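Trainee: Before I ask anything, let me first share the structure, which is written out below as structure tokens.
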Amino acid sequence: MIYYILPILFPFAASIVCLAKNYSLSESASLIASVLSITASLYILFLKPSYINFLYIDGFSKIMLVIISAIYLTTVLFSSAYLKHIKNPIISKSSYFLFLNLFVFSMLFSVSLNNLGLMWVGIEATTITSALLVAIDNDKTSLESSWRYIIIVSTGLVISLVGIMLIYASMHTLKITELLINKPSHPKLLVMGAVLAIVGFSTKAGIFPMHTWLPDVHGHAIAPVSAIFSSILLPTALFGVYRIIETASFDSVRIFALLLGVLTVVFASIFLISQKFYKRMFAYSSMENMGMILIGLAIDNKFAFLGAVILLVSHAFAKSSAFYTTGNILSIYKTRDINNVKGIIKTLPFGAYSFLLSAMAVAGAPPFGTFLGELFIIYALYLKFGIVSAIAVLIFLSISFFSLNHKVAKICFSITPEKQVQKKDEVISSLIPIINTVLAFLVIFFVGFINNILTSGMLK
Amino acid sequence: MLYFLSAVQLLFVIGFAPLAAGVFNTLTEKFESKKGPSPLQPYYDLYKLFGKQSVVPKVASSLFQIVPYITFSMYLFLTLVLPIITAFPLSFGPVVDFIGGGLVFGAIGTLKKIASLDSRSNYAHLGTSRTSSIGALSEPIVVLIFITFGVISHTNNPYVINNIMQTSSHWYFSLVHWFVVFAFFMALLVETGKLPIESHSSNEFGMIDQAIEMEYSGTELALMKWGGYIKQFILMSVFLNVFLIPFWVPMKIELKGVLLYAALHLLKMLILILIFSVIQSTVSKYKLFKNFEYVAMAFSFAFLAIVVFYTIGGAM
Amino acid sequence: MKELYLIVGFAQIVFVIFMQWQIYLKKIILTFALSSIIIAAFLFLDGIMLNSTNLLILGTLTITIRGFFIPRYMLKMLNLAYKEREPRHIVPPAASIIISLFLVVLAYIVYHFTLYNITYIKAGSIPIALILQGMFLIISRNNAFIQLTGYMVMENSLFLFAGYLFPELPLIIEGGILLDLVGVVMISSIVIRLREDAISAITEQFEKFKG
């Protein structure tokens, strides 16, 4: 039984070590904790799902644990290489690791608890622990984006708290195991609560009506923070949405979530066309992917769910890789503007290829897991709502695919200005994106395995 | 009997209105640790003004001269129809209800504005525009308050409302009533030109109502001023008798009770004046454009009263 | 209890409208403290009436954390830094007061047509109104302290709501919510202070935030 809490405990222990305010100590503690926690979560994959009193770990939770720990590990590695570029941090660099560990701790906490209320507490705690990570650059724009992040996300989460209270009013319990089995005393109240909770958690996931914080934060946070946000924080929020949908598995709730997902895809792909800053561009791409995942979670279909999880996993790897590379680009070019970054093929040869490949991966190009995930979701959409809706979503996906890859190709292969023609690749910071891109590709070999995990021991 | 009581009420108001204003001035000055004028000062002022010669602007038409007389008599009419020292309708009581009274007030305001425009003085014009813009926002509050009471009592008759408030502790202690009281109190400060809104000095920056009578002199000015005192007295009486302390107002037609209450009414009035003068000496004046925020607050209170009414489930 | 709830609820609404009116940050924060204390007193009374330890603990927590600790912390932060009032608003105060008022009406209407058929609690629209008002307070102001207060108003209303409607809600959840609130206030105070120092002009446009 203790194994189930191990991945949660390690980051917490590391954050306690970080209190010592010693940079190298906190760095190595975080590294050890992340390695241990990925080991523990990989071990949990092979255990039975757990429904004991306060833990609820089903297949989806297990996969979330693995993804969170994996990105945690790469982020810690990349951060220790990247932090030297930050001249004037808002908190000391050991506190950076402190908050990073707490942040991961709260995410792991949220995905493994057997209580909607505590899950809410965990997701709100991710906001608190990550706000200073966003502002670490300590300049005007990052402070402003950090504040927008805090206030918009907290406001959204209050809405979801209202929803959770309404769910409580209708079910008289917040335990997920009981929520899934019991019949609601007021189905209408449950639907209303579920809708509000979905809106609230979607705020955190960057889903359409309250997504505005997302491009700001991703555009101005430092690369490792953007990566961890985009690849695991948003899915953690979507995990919350999934639990709500699972609880209130009514058609109206599912249609509502689906609609939000479609709107997000439409909105994000339209905004992708006109982006001038490369980090912001990837933020909109994250939105688009989250929209697709939400569509997958909302459709009550085996393929859709599997597709959503595959998309989530491979997007996590690919997007973190893309953001790590943007960090490398930013540290050399000192600008976020696409037009001022030219020909990184000469300056960052490894970086350029991994950048291009990861951009193709996040846009859903064929050899990667994202392609498979999106294919499943669109197939499920076709099964449920007919060809027209599937094609409509496909059109917007291809718009975002072309605009994203066109811009990335321009960054990679345009003519390099003379003064910058010299190799600047660093070993660790260019290796990590490559590993993550490869992982995003390798996901396709594990589809059957993921499917087994998801379907074994589902309560409902 | 009713006719006699009407006459008593009329004389009571005409006689004591300047006193109320005088007491207010004295108390305010006392609060500021000054000696202050005698409470009888308004009487001296009126006496002096009646003895003075009237000067009329050359460009003004005859309307300018008639308006003080008309408005004064309209105030006298209002005195006869509102519950001031009786809780039963006097002989003119059935003529108008609250809305009607409000209309008469509105008519007086309009006449004054027209007359002041007629004087073609810049200050008077300034006062007119200020009064109109604030009035346009504060009138709805008063109307809203009357509507709320209309919803409670199914009538707009001030006497009926007074009786309900006196007899039903449920309504007296209800949140609806107290929201209305607060809103009316805020509106009262606007209507009587008290401090957060208007300061009575010779400084034109703060002038609102005062600027309207800028060009009047002599008898006309005296009537305008006296009318102003009466207006203030009536509004305060209505506030006391219908809203704040509706108790003890005699409901039976009986001369002794009415006369006794008349004395008591002065006491009630004194308390209200005390509150006013505390506000007057502790609050500073808002900038002119901040007045609208104040009015918006008053409006919110009046509106919340209706929301409360529906939230607690209508008439219980 | 119902009457008390009504009075407390409408007092909260009035407080929010008052905050909408004010420009001095100190007054707004003190108003928030007062409203929290009133809510705590209400929870206390409710706890005594229902004989529920949960509510008593919750009342104590509310009064210490929301009534005293957070306002004091914010005021301390305010003293450390900068201007204590916000002279220009995104929405003019008079308009924002009226909009805030109409949000109350909107909440009443929305509640009446949706939840009322299930709960049959007439005063259930008050928390919804407060949430909308808190949100509007966040939208209508540019000052981060006021936005934070708006957020706390929303949370306060939830406590009122939960304390009145579901007194049996597990304490651990409410404790967690309160802990989160403290975290939000502490962290955002750090961000706010630096932000308000860095961003002086209110209407400063960020080219990088467009699109």
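The values are calculated or read from the model by the stated rules, or taken from the named source; none is laboratory data. Predicted model only: the values in this text are computed from it and were never measured. Neighbour counts run over all protein chains shown; Cβ positions are idealised from the backbone, glycine included.
Trainee: Among the residues of the stretch C:46-71, which ones are farther than 15 Å from C:I177 by Cα and under 16 Å from the mean Cα position of the chain (by Cα)?
Mentor: Taking the stretch C:46-71 as the starting set, the residues that turn out to be farther than 15 Å from C:I177 by Cα are C:46-53, C:56, C:67-69, C:71.
Matches in the stretch C:46-71: C:G67, C:F68, C:F69, C:P71.
Trainee: If you don't mind, there's one more thing I want to ask. Considering only residues that are closer than 30 Å to A:A308 by Cα and among the polar types (S, T, N, Q), which ones fall in the stretch A:64-99? Give the steps one after another, and end with the answer.
Mentor: So in the stretch A:64-99, the residues closer than 30 Å to A:A308 by Cα come out as A:64-79, A:99.
Those that are closer than 30 Å to A:A308 by Cα and among the polar types (S, T, N, Q): A:S69, A:T74, A:T75, A:S79.
Trainee: Sticking with this one: Suppose we keep only residues that are at pLDDT 85 or above and among the hydroxyl-bearing types (S, T, Y) within the stretch B:124-143. Which one would you say is nearest to B:F303 (Cα to Cα)?
Mentor: B:S133
Trainee: Give the stretch B:20-55 a look and list any residue that's outside any helix (DSSP H, G or I) and in contact (Cβ under 8 Å) with a residue 60 or more places away in the chain, or say none.
Mentor: First pass over the stretch B:20-55, keeping only residues outside any helix (DSSP H, G or I): B:32-40, B:51-55.
Within the stretch B:20-55, B:E32, B:K52, B:Q53, B:S54, B:V55 meet the criteria.
Trainee: Something else: Is it the case that the stretch C:80-99 has a residue that's among the aromatic types (F, W, Y) and within 14 Å of chain B (Cβ to nearest Cβ)? Spell out the reasoning first.
Mentor: Within the stretch C:80-99, the subset among the aromatic types (F, W, Y) is C:82.
If we keep only those that are within 14 Å of chain B (Cβ to nearest Cβ) too, we end up with none.
The answer is no, given that none of the residues of the stretch C:80-99 is among the aromatic types (F, W, Y) and within 14 Å of chain B (Cβ to nearest Cβ).
Trainee: Please give the number of the condition A:A33 fails out of (1) touching a Pro at 6+ places or on another chain (Cβ under 6 Å); (2) under 26 Å from A:T155 (Cα atoms).
Mentor: Among (1) touching a Pro at 6+ places or on another chain (Cβ under 6 Å); (2) under 26 Å from A:T155 (Cα atoms), the lone unmet condition for A:A33 is (2).
Trainee: Going residue by residue through the stretch B:101-113, is there one that turns out to be over 28 Å from B:F303 (Cβ atoms) and assigned to a helix (DSSP H, G or I)?
Mentor: In the first step, residues of the stretch B:101-113 are kept if they are over 28 Å from B:F303 (Cβ atoms); the result is B:111-112.
From the residues that got through so far, the ones that are assigned to a helix (DSSP H, G or I) too are B:111-112.
Within the stretch B:101-113 (the criterion being over 28 Å from B:F303 (Cβ atoms) and assigned to a helix (DSSP H, G or I)), the answer is yes, since at least one residue qualifies.
Trainee: Moving on. Of the conditions (1) within 15 Å of the chain's Cα centre (by Cα); (2) within 12 Å of chain B (Cβ to nearest Cβ); (3) touching a residue at least 12 places away in the same chain (Cβ under 8 Å), C:V14 satisfies every one except a single condition; which number is it?
Mentor: Among (1) within 15 Å of the chain's Cα centre (by Cα); (2) within 12 Å of chain B (Cβ to nearest Cβ); (3) touching a residue at least 12 places away in the same chain (Cβ under 8 Å), the lone unmet condition for C:V14 is (3).
Trainee: Can you find even one residue in the stretch A:317-331 that is among the basic types (K, R), in a helix (DSSP H, G or I), away from chain C (no Cβ under 14 Å) and crowded, with 24+ Cβ neighbours inside 10 Å? Break it down into steps so the answer makes sense when it comes.
Mentor: Applying the first criterion (among the basic types (K, R)) to the stretch A:317-331 yields A:319.
Narrowing the set further to residues that are in a helix (DSSP H, G or I) leaves A:319.
From the residues that got through so far, the ones that are away from chain C (no Cβ under 14 Å) too are A:319.
Narrowing further to those that are crowded, with 24+ Cβ neighbours inside 10 Å: A:319.
Yes, the stretch A:317-331 has at least one match.
Conditions (1) buried (at least 20 other Cβ atoms within 10 Å of the Cβ); (2) on the phi < 0 side of the Ramachandran plot; (3) outside any helix (DSSP H, G or I), marked per residue:
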residue	(1), (2), (3)
B:Y216	yes, yes, yes
B:W226	yes, yes, no
B:L235	no, yes, no
B:F243	yes, yes, no
B:W248	no, no, yes
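Trainee: I'd like to know if the stretch B:25-34 contains one or more residues that are polar (S, T, N, Q), surrounded by fewer than 13 Cβ atoms within 10 Å (Cβ to Cβ) and in contact with a helix residue (DSSP H, G or I) (Cβ under 6 Å, 6 or more places away or on another chain). Don't jump to the end; show me each part of the working.
Mentor: The first filter runs over the stretch B:25-34 and keeps only residues polar (S, T, N, Q), leaving B:25-26, B:28, B:33.
Of the ones still in play, those that are also surrounded by fewer than 13 Cβ atoms within 10 Å (Cβ to Cβ) are B:33.
Remaining after also requiring in contact with a helix residue (DSSP H, G or I) (Cβ under 6 Å, 6 or more places away or on another chain): none.
No, every residue in the stretch B:25-34 fails to be polar (S, T, N, Q), surrounded by fewer than 13 Cβ atoms within 10 Å (Cβ to Cβ) and in contact with a helix residue (DSSP H, G or I) (Cβ under 6 Å, 6 or more places away or on another chain).
Trainee: Quick one: which helices (runs of 4 or more DSSP H) lie wholly within the stretch C:105-186 and hold at least 1 residues that are within 8 Å of another protein chain (Cβ to nearest Cβ), surrounded by 22 or more Cβ atoms within 10 Å (Cβ to Cβ) and under 18 Å from the mean Cα position of the chain (by Cα)? First the steps, then the outcome.
Mentor: Numbers: elements: C:116-119, C:125-140, C:144-165.
It comes to C:125-140, C:144-165.
Trainee: Could I ask something else about it? Whether any residue in the stretch A:275-289 is out of contact with any strand residue (DSSP E or B) (no Cβ under 7 Å at 6 or more places or on another chain), surrounded by fewer than 24 Cβ atoms within 10 Å (Cβ to Cβ), within 14 Å of chain C (Cβ to nearest Cβ) and closer than 25 Å to A:F385 by Cα is what I want to check.
Mentor: No, the stretch A:275-289 contains no residue that is out of contact with any strand residue (DSSP E or B) (no Cβ under 7 Å at 6 or more places or on another chain), surrounded by fewer than 24 Cβ atoms within 10 Å (Cβ to Cβ), within 14 Å of chain C (Cβ to nearest Cβ) and closer than 25 Å to A:F385 by Cα.
Trainee: Can you tell me which residues in the stretch A:289-311 are part of a helix (DSSP H, G or I) and polar (S, T, N, Q)?
Mentor: Just the residues of the stretch A:289-311 that are part of a helix (DSSP H, G or I), to begin with: A:289-298, A:302-311.
A:N289 - this is the single residue of the stretch A:289-311 that is part of a helix (DSSP H, G or I) and polar (S, T, N, Q).
Trainee: Kindly indicate whether A:V153 is buried (at least 24 other Cβ atoms within 10 Å of the Cβ) and more than 9 Å from chain C (Cβ to nearest Cβ).
Mentor: Numbers: buried (at least 24 other Cβ atoms within 10 Å of the Cβ): yes; more than 9 Å from chain C (Cβ to nearest Cβ): yes.
Here the answer is yes, as A:V153 does meet what is asked.
Trainee: Also: Could you say which residue among A:S314, A:S286 is more than 21 Å from A:G448 (Cα to Cα) and part of a helix (DSSP H, G or I)?
Mentor: Working: A:S314 fails: more than 21 Å from A:G448 (Cα to Cα).
Residue meeting the stated conditions: A:S286.
Trainee: Quick check on this structure: which one of B:Y261, B:Y294 is in a helix (DSSP H, G or I), under 23 Å from B:Y159 (Cβ atoms) and touching a residue at least 12 places away in the same chain (Cβ under 8 Å)?
Mentor: B:Y261
Trainee: Of all residues in the stretch A:344-355, which are more than 14 Å from A:N436 (Cβ to Cβ) and assigned to a helix (DSSP H, G or I)?
Mentor: Restricting attention to the stretch A:344-355, the residues satisfying the condition of being more than 14 Å from A:N436 (Cβ to Cβ) are A:344-349, A:352.
Scanning the stretch A:344-355 gives A:I344, A:I345, A:K346, A:T347, A:P349, A:A352.
Trainee: Do we have any residue at all in the stretch A:76-87 that's within 14 Å of chain C (Cβ to nearest Cβ) and in contact with a helix residue (DSSP H, G or I) (Cβ under 9 Å, 6 or more places away or on another chain)? Outline the logic, then answer.
Mentor: Looking only at the stretch A:76-87, we keep the residues that are within 14 Å of chain C (Cβ to nearest Cβ), and these are none.
Looking for residues that are within 14 Å of chain C (Cβ to nearest Cβ) and in contact with a helix residue (DSSP H, G or I) (Cβ under 9 Å, 6 or more places away or on another chain), one finds none in the stretch A:76-87, hence no.
Trainee: Restricted to the stretch A:170-190, and to residues that are buried (at least 20 other Cβ atoms within 10 Å of the Cβ) and assigned to a helix (DSSP H, G or I), which residue is nearest to the other protein chains (Cβ to nearest Cβ)?
Mentor: The selected residue is A:L189.
Trainee: Does the stretch B:164-174 contain any residue that is surrounded by 19 or more Cβ atoms within 10 Å (Cβ to Cβ) and either hydroxyl-bearing (S, T, Y) or closer than 20 Å to B:G127 by Cα (or both)?
Mentor: Looking for residues that are surrounded by 19 or more Cβ atoms within 10 Å (Cβ to Cβ) and either hydroxyl-bearing (S, T, Y) or closer than 20 Å to B:G127 by Cα (or both), one finds at least one in the stretch B:164-174, hence yes.
Trainee: Does B:Y286 satisfy the criteria of being buried (at least 16 other Cβ atoms within 10 Å of the Cβ), within 14 Å of another protein chain (Cβ to nearest Cβ) and part of a loop (DSSP other than H, G, I, E, B)?
Mentor: Working: buried (at least 16 other Cβ atoms within 10 Å of the Cβ): yes; within 14 Å of another protein chain (Cβ to nearest Cβ): yes; part of a loop (DSSP other than H, G, I, E, B): yes.
For B:Y286, the condition - buried (at least 16 other Cβ atoms within 10 Å of the Cβ), within 14 Å of another protein chain (Cβ to nearest Cβ) and part of a loop (DSSP other than H, G, I, E, B) - is met.
Trainee: Given the options A:S24, A:S30, name the one that is within 16 Å of A:L77 (Cα to Cα) and at pLDDT below 90.
Mentor: Working: A:S30 fails: at pLDDT below 90.
Result: A:S24 is the single residue among A:S24, A:S30 that is within 16 Å of A:L77 (Cα to Cα) and at pLDDT below 90.
Trainee: Would you confirm whether any residue within the stretch A:81-95 is surrounded by fewer than 21 Cβ atoms within 10 Å (Cβ to Cβ) and under 18 Å from A:A125 (Cα atoms)?
Mentor: yes
Trainee: Can you tell me which residue among A:V199, A:V195 is within 11 Å of chain C (Cβ to nearest Cβ) and part of a helix (DSSP H, G or I)?
Mentor: Values: A:V199 fails: within 11 Å of chain C (Cβ to nearest Cβ).
Among A:V199, A:V195, only A:V195 is within 11 Å of chain C (Cβ to nearest Cβ) and part of a helix (DSSP H, G or I).
Trainee: Residue check, A:T127 against (1) touching a residue at least 40 places away in the same chain (Cβ under 8 Å); (2) more than 17 Å from C:L158 (Cβ to Cβ); (3) of a type in the set (S, T, N, Q), all met but one. Which one?
Mentor: If we test A:T127 against (1) touching a residue at least 40 places away in the same chain (Cβ under 8 Å); (2) more than 17 Å from C:L158 (Cβ to Cβ); (3) of a type in the set (S, T, N, Q), just (2) comes out false.
Trainee: Is it the case that some residue within the stretch B:107-119 is of a type in the set (V, I, T), surrounded by fewer than 20 Cβ atoms within 10 Å (Cβ to Cβ), farther than 24 Å from B:Y216 by Cβ and without any contact (Cβ under 8 Å) to a residue 24 or more places away in the chain?
Mentor: No: zero hits.
Trainee: Here are some conditions: (1) surrounded by 24 or more Cβ atoms within 10 Å (Cβ to Cβ); (2) without any contact (Cβ under 8 Å) to a residue 12 or more places away in the chain. A:S231 meets all but one. Which one does it not meet?
Mentor: Failing condition for A:S231: (2).
Trainee: If A:I338 satisfies all but one of (1) of a type in the set (A, V, I, L, M); (2) within 23 Å of A:L439 (Cβ to Cβ); (3) within 14 Å of chain C (Cβ to nearest Cβ), what's the number of the condition it fails?
Mentor: The single condition A:I338 does not satisfy is (2).
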